Amino acid sequence: MQVITEYLREHTPKVTLTSYIIDDKEEFQTGMKRPAVVLVPGGGYFGVSDREGEPIALRLLGLGYHVFQLRYTTRDTKNETDQDMISDQALEDLATSFEYIHAHSDQFLVDTKKIILMGFSAGGHLSAMFATYGQTEAFLARRDHSKAVYQPACLVLGYPVVDYLEMMRVVDASASSDLQNFWQASHQYVFGTEHPTDDQLREKSPITYITAETVPTFLWHTVEDGLVPHENVLTFARVLAANCVPYELHLYQTGVHGLALSDETTMGEASHVNMAAQTWLPQLHTWLKQHGISIAHV
């Protein structure tokens, strides 16, 4: 395996794309272009979670996927001379990552028709924005390449933020001041204000940009998630269905926010071990095979 880290922004050394490339072996699958996962951890736009990074990348490598892990612009990495919104910078970072993968696809033996975009929590928001708003003319007009370079084969979201209006309806009705304070702080980096309007919430919600052209989507969440209400995933799924977009949704009854692999590998505390939710990755692998987004059969 090769591990290569590229720096995506000048003066911001923590904004990186780390490539985990499976070696091309003489013994088997020689010269085969593999599917790849662009992995986008969460962190509320405050930082980037290590628990949703390399441990998941290594598990995906074992399933035969190259992995490109993005550490995007957050509060902790923002260049203070740059006045762009943090979430907008992060979207640019993700676009740059796709450009890099396409430019190096022959070198790394990546099948560019099988690039899976996978995000968790805030990284799920970023990934979903890229797979929806990032496919619009308004976004693509600012890029240097054709739309095909920026289009993933599918979207994989773990406990994501995909419908701010629905999520904030649940948060505002909550009796938890800690929950409300968290989202006000996060809003500063997504909207530039702690109190966004409904129009601003709608503009930064991936659900707003779903069309019949949106790529197949795999979602998983827990009902008990106390940080990102699962209701926002349900509304997202309903709009996918209304647009005839293929999707699969796994909603586990129990489980805290930030489960990652849901086992001891990514355990930050005891509640991160969840037997039921551990099934999300094998279920995803089966779903990817059903959609032809896995290692090709010879």
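The values are calculated or read from the model by the stated rules, or taken from the named source; none is laboratory data. Remember, predicted model here, so these are calculated numbers, not experimental data. Note that each Cβ is placed from the backbone with ideal geometry, even for glycine, and that neighbours are counted across all protein chains shown.
Some points to look at:
- The stretch 262-298 - residue that is part of a loop (DSSP other than H, G, I, E, B) and surrounded by fewer than 15 Cβ atoms within 10 Å (Cβ to Cβ) and, of those, modelled with the lowest pLDDT: 298
- Scanning the stretch 51-66 for residues that are more than 20 Å from residue 9 (Cα to Cα) and either basic (Lys, Arg) or not in a helix (DSSP H, G or I) (or both) turns up 51, 52, 59, 63, 64, 65, 66.
- Against the numbered list (1) assigned to a helix (DSSP H, G or I); (2) at pLDDT below 95, residue 131 comes up short only at (2).
- Only one of the listed residues (235, 193, 254) is more than 20 Å from residue 136 (Cα to Cα), modelled with pLDDT under 95 and of a type in the set (Ser, Thr, Tyr). That residue is 193.
- Test: residue in the stretch 262-271 that is of a type in the set (Ser, Thr, Tyr) and at positive phi: yes
- Residues (farther than 26 Å from residue 178 by Cβ and polar (S, T, N, Q)) located in the stretch 193-226: 208, 211, 214, 217
- Of the strands (runs of 3 or more DSSP E) lying entirely inside the stretch 1-50, those containing at least 1 residues that are closer than 24 Å to residue 76 by Cα, within 16 Å of the chain's Cα centre (by Cα) and modelled with pLDDT of 95 or more span 16-21, 34-40.
- Within the stretch 1-46, the set of residues being within 18 Å of residue 95 (Cβ to Cβ) and either in contact with a Cys (Cβ under 6 Å, 6 or more places away or on another chain) or of a type in the set (S, T, N, Q) (or both) comprises 12, 16, 18, 19.
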